[in-house]
Amino acid sequence: MSARGDRFITSRSPVEGLSRRKLSFLPVFAQAVAGVAPAGAMSVIPALVFPGLVFGSNGPNLVLTFSIAMAVMVLVSFCLRPMAKRMAAVSGLYSYTAKGLGQRTAITAGWSAMFGYGLVAMASLLLVGVYVIQLFVNLGVPLADPKVFEVMVILAAAGAACFLMVRGIRISAWFTLLMETISIGVLAVLMIVFFAFNAPKINLGSVFVWDGNFDALPIGIVVAVSAFVGFESPTTLGGEAHRPFISVPRAITWTPILMGVLCLLAVAAQDVALKEAPLSIAASHTPLSDLFSQSSPAFAAVLDLGIAASWFACSIASVNALARIFFCMGREGVAPRIVGRTHPAFRTPSGAIMVIMPVIAIVPIAVIISGASPERALVNLLTLGAYGYLGSYILASASLPFFLRRIGEDTYASWVLGAATTLALGAVFWTATEVSVRTGNLQTVVYGGVLLASVIYARFLQLRLPTRLASVGIYDETRELDLFHGRPTP
């Protein structure tokens, strides 16, 4: 059989226009690291779960909450790894679900993933503005109108992020890795210094104290999950990675483990520090900064800069992943064709990026202008984002055995792993939903509306545009030139 006649080889890739096979392992890993924003997440998210902010006076134990979240995310990574080793996806979980559970289900998975990436990107830009303002406060620099300045910071950050993403994934990936490395180093040094000077006051036994409030635990796990979400974002770089079947699986396997270790150390430290701090600090939207500013405003300013840089990197990684899902949808015809265009020189999904960024920027700006509470806005954005990620994780994990069965490689272990992970994610999601509805929280209703809209749209495609629906799930297929010339072409 000729190469052209082989159904596994194509003359043109469906995602042609992207830079093919250029990224080494480090930029791919950088995308995963920036997606979870270690320094930013370790500084902000534990405080959102901390008693007194989200749950009133009775919050869950931080170490237990983050341990469960880590275990669930590691299971998800084990489910995604076999699919990443067999498919050079450009839209990640969206493509995996299409090959496992079918195109209609993939529409829901794609919408859910984009919802998650978008909400986390919005929260990231909001946090950039918040921490830059806090930086000036700790430096004692007066601002005539903090709101106007914060809006300008967010606009500048959104513009810079847009430029880096359009300019190229390699540049943005290396930049985000640099930002995260510096931010983690700054946070680690400052925490060590803080605890070295406050060692006599530390009571490590308080880390394991919990009043047994199970109502708060599920929502706490959902919020804690937002510290890990984004680890799977390298699955959207399958077409651009040099060795996608090696680098992508490695990145998505090790990132949640690394993040889990860092988070457990950070939450244990913050649990001790925040319990010893005044209530005004524990309930602040910048708790670590306020804590450091009591003894050294200069240290607090350095911390603010590191956290702002981490969240800026997270916004880039989140939109990079979102744009590639949207780009694939544009190529498939289930989204406007304009988002399926690539930059002729930089070979990036510039059409999708330019459409997405204004939407991402306008939400945090609206929060600031409206005078809404930054704490409440962050809780809502990150929790809703976590719902989006969880929904896509559930569908992608359930896809694993069906994906492998299509190519004749399913095993008993794959069915057990897929079922166990789906049930674990479903239990977290269902319990959190039940508690959210019972307490009158509208987050579940909002996410439910997104799911319902995706199902209706998928049904519309099936009835009116079946050819487009059938094209869902494109990926970077092997080309004739890849075989005959021994190397991929741009």
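Laboratory data are not the source of any read-out in this text; all were calculated from the coordinates shown. This one's a predicted model, so the numbers in the text were calculated from it and none came from an experiment. Methodologically, a virtual Cβ is constructed for each residue, glycine included, from the backbone with ideal geometry; neighbour enumeration extends over all protein chains shown.
General observations
- For Leu451 and Ala427, the FRET efficiency from 1/(1 + (r/R0)^6), where r spans their Cβ atoms and R0 equals 25 Å, is about 0.90.
- Of Lys147, Lys99, Lys22, the sequence from fewest to most neighbouring Cβ atoms within 10 angstrom is Lys147, Lys22, Lys99.
- Estimated FRET transfer efficiency (Ile182, Thr439; beta-carbon r; R0 51 Å; 0.05): 0.80
- When Trp254, Trp111 are sorted by how many other C-beta atoms sit within 10 angstrom of their C-beta, beginning with the fewest, the order is Trp254, Trp111.
- Of the residues Leu390, Leu177, Leu265, the one with the fewest other Cβ atoms within 10 Å heads the list, and the complete ranking is Leu265, Leu177, Leu390.
- Euclidean distance of C-alpha centroids, segment 215-247 and segment 289-313, integer Å: 26 Å
- Between the beta carbons of Ala419 and Arg12, assuming R0 = 41 Å, the FRET efficiency works out to 0.60 to the nearest 0.05.
- Rounded, prolate or oblate (a/c below 1.5 giving rounded, otherwise prolate when a/b exceeds b/c) for segment 342-427 by Cα gyration tensor: oblate
- Chain lengthening between Phe245 and Leu258 when straightened (0.36 nm per residue, less Cα-Cα): 2.6 nm
- Euclidean distance of C-alpha centroids, segment 408-482 and segment 111-162, integer Å: 31 Å
- Cα-based convex hull volume of segment 24-472 per residue, rounded to whole Å³: 134 Å³
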